[in-house]
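Trainee: Dropping a structure here in structure tokens format, bear with me for questions.
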Amino acid sequence: MTRMNHLFVSTTQFLLILLLALGFFGCASSSKNSSPSQATLQKDAGSMPTYYDFGDVMVPSELKLNRKESFVYATGGATAGVLTLKGRVDRDSLIAFFENNMIKDNWRLISSFRAPKAVILFQKENRWCIISIEEDLMSELVKIWVAPTINAPAMGMK
């Protein structure tokens with residue numbers, strides 16, 4: 001009977017430890033499940049598109065600016081240059097984002113090319129914008145070029 005009693009005590013201890021462990025991990029997972037809603041809200045709040053140096057070229061928040069590979073020149077109210085960005089974004093949704101949002105900022109879609117490297121060309125009254133999108137390992141590399149329109153023919157060129 002002592003052996004049977006010992007087996008009963010060991011089984012009871014095992015089940016008790018198992019129940020405690022399940023209860024502990026169950027509470028841990030339920031607290032994790034309640035915070036993603038807060039994390040999702042924070043992520044959604046932080047996922048607003050951004051305007052960097054060009055005040056009329058909206059950029060998705062998933063793209064991160066690479067200042068070392070960017071160059072912007074601003075003078076007398078005109079801004080020109082190139083922004084280099086990178087991020088893990090679906091290429092088709094990225095192209096759609098730029099095509100939709102550039103129009104909202106009064107850019108006119110002139111042309112677009114889709115190949116391994118996508119190029120989208122926009123125009124405003126006094127500026128051009130070229131957006132190139134190409135795959136770079138596990139992300140997309142985006143370059144946004146903005147340049148003023150040249151209204152007068154260059155001197156010395158015939």
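Trainee: Only counting other Cβ atoms within 10 Å, I'd like 105, 53, 136 sorted with the fewest neighbours first.
Mentor: Listed from fewest to most nearby Cβ atoms, that is 136, 105, 53.
Trainee: Spelling out what I want: for every residue of region 69-84, take phi, set θ = phi - 60°, compute 6.51 cos²θ - 1.76 cosθ + 1.60 (Karplus), and round to whole Hz; glycine and proline get x.
Mentor: Rounded to whole hertz, the list is 9, 10, 8, 10, 10, 10, 7, x, x, 9, 10, 9, x, 9, 10, 10.
Trainee: Near the amide H of residue 128, under 5 Å away, which other amide H atoms are found, from residues 5 or more places off or on another chain, if H is placed in the peptide plane?
Mentor: Close amide H contacts, sequence-distant or interchain: 147, 149.
Trainee: Using only alpha carbon positions, build the gyration tensor of region 49-148, then give the equivalent ellipsoid semi-axes as the square roots of 5 times its eigenvalues, largest first, whole angstrom.
Mentor: Those come to 20, 16, 12 Å.
Trainee: Subtracting the Cα-Cα distance from 0.36 nm times the residue separation, let me have the gained length for residue 105 to residue 68 in nm, one decimal.
Mentor: Separation in residues times 0.36 nm, less the Cα-Cα distance, equals 10.7 nm.
Here, each number is a calculation from the coordinates, and none is a lab measurement. Nothing here was measured: the structure is a model prediction, and the numbers come from that model. FYI the Cβ positions are ideal-geometry reconstructions off the backbone, even for glycines, and counts take in every protein chain you see.
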